[in-house]
Amino acid sequence: MGLMHMPGDFLNEAGELHLHGKVIGLSGEGVVGMMSSIEGNSDLSKLIVQRVTKDFAGLRAVDDVSLEVRQGEVLGLIGPNGSGKTTLLNVISGLLPVSGGHVLVGEIDITGWAPHRIAGKRIGRTFQTVHLFGALTVLENIEVAAVGVGMSRRRAGERAQSLLEEFDMERTAALPAGTLAFGQQRRVEVARALAMQPHFMLLDEPAAGLNERECDEMLGLLASVREKIGCGVLVVDHDMRLIMRLCDRIHVLNYGRTIAEGTCEEVSQNPEVIEAYLGSAEEEGEVVSA
Ligand SMILES: Nc1ncnc2c1ncn2[C@@H]1O[C@H](COP(=O)(O)OP(=O)(O)OP(=O)(O)O)[C@@H](O)[C@H]1O
Ligand SMILES: [Mg+2]
């Protein structure tokens, strides 16, 4: 789980990350997707996906999708396996180029920007599989993200410490992140995305692999994030209980296309959504219930 690491990995006083014997600058590829310097000040109240299409050789993974996330709002992005959810998050965060369409923050068109520059627009994210630096301490993992958006090492350390307190994880601060239980690693990922004081957070299956208790904890955590931080959240998950409890609105993809959008109630009663889920449940022998 997580990235490969070596015993000599560390974050130094200047905020440089030493990984695999190399010094990684603030926009180095090892930390891609979560950091950069702060860029400009303009209207950042909406994250806008405008008619985005993403093709992989012969496969249209995302097909003409448009959505908006406002600050302070939680938008759920759901759909059967392979429906394009992760691909869309990767396009928004700049890890994949679009094949068509645009991504905007307020009036700024960020389409085609490098991931670190997009992160500099305060768009944080977590990954479907945990992406922590296993040999760095929990505290350092969080600090890295704060340093990456321009905080001094000292301020980043304070911010990381206060996030750990908020998450009731102070006791883990000095432990190598790779030694934590899986559920705790997921929480550290959320803390790390928050360390950069995001205007928007993209969460790719924050509850994946969690047991029921851990899932409840994650739900509580995300609900408190929403209350305290007020950033816009785009959350992908297959756990419908989490989605229904957390989201103001839901956007549904199937085979890369939008098949429904609306309130939790509207979406859960939509015949096309029920059909898409029942279809995939029959294939996989599982049933998704609200
Ligand atoms: N790098 C890639 N190259 C080629 N095809 C890809 C690539 N990444 C994803 N795909 C394909 O694009 C489609 C959408 O995949 P994606 O991972 O976005 O789905 P998802 O909705 O996140 O699924 P899941 O719920 O299983 O995570 C799938 O058919 C997948 O196989
Ligand atoms: Mg996915």
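No lab work stands behind these numbers, since they all come straight from the coordinates. Given the structure is predicted, the values throughout are model-derived calculations rather than measurements. Cβ sites come from the backbone with ideal geometry, for glycine too, and all protein chains shown count toward neighbours.
Cut-off is 10 Å between beta-carbons; in what order do Leu194, Leu278 appear when sorted fewest neighbours first?
Taking fewest neighbouring Cβ atoms as first place, the list is Leu278, Leu194.
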When the chain is fully extended, how far beyond the present Cα-Cα distance does Glu227 get from Glu275, taking 0.36 nm per residue of separation?
13.9 nm
Would you kindly state how much longer the chain becomes between Ala174 and Gln161 on full extension, computed as 0.36 nm times their sequence separation minus their alpha carbon distance, in nm to one decimal?
3.6 nm
Kirkwood Rh over alpha-carbon pairs of the stretch 10-284 plugged into Stokes-Einstein at 37 °C, 0.692 mPa s gives a D in µm²/s of 174
Arrange Tyr255, Tyr277 by Cβ neighbour counts within 10 Å, fewest through most, would you?
Tyr255, Tyr277
hull vol. (C-alpha, convex hull) per residue for the stretch 177-251, Å³ -> 87
Label-point separation, Ile108 to Ser66 (7 Å along Cα→Cβ), nm:
2.4
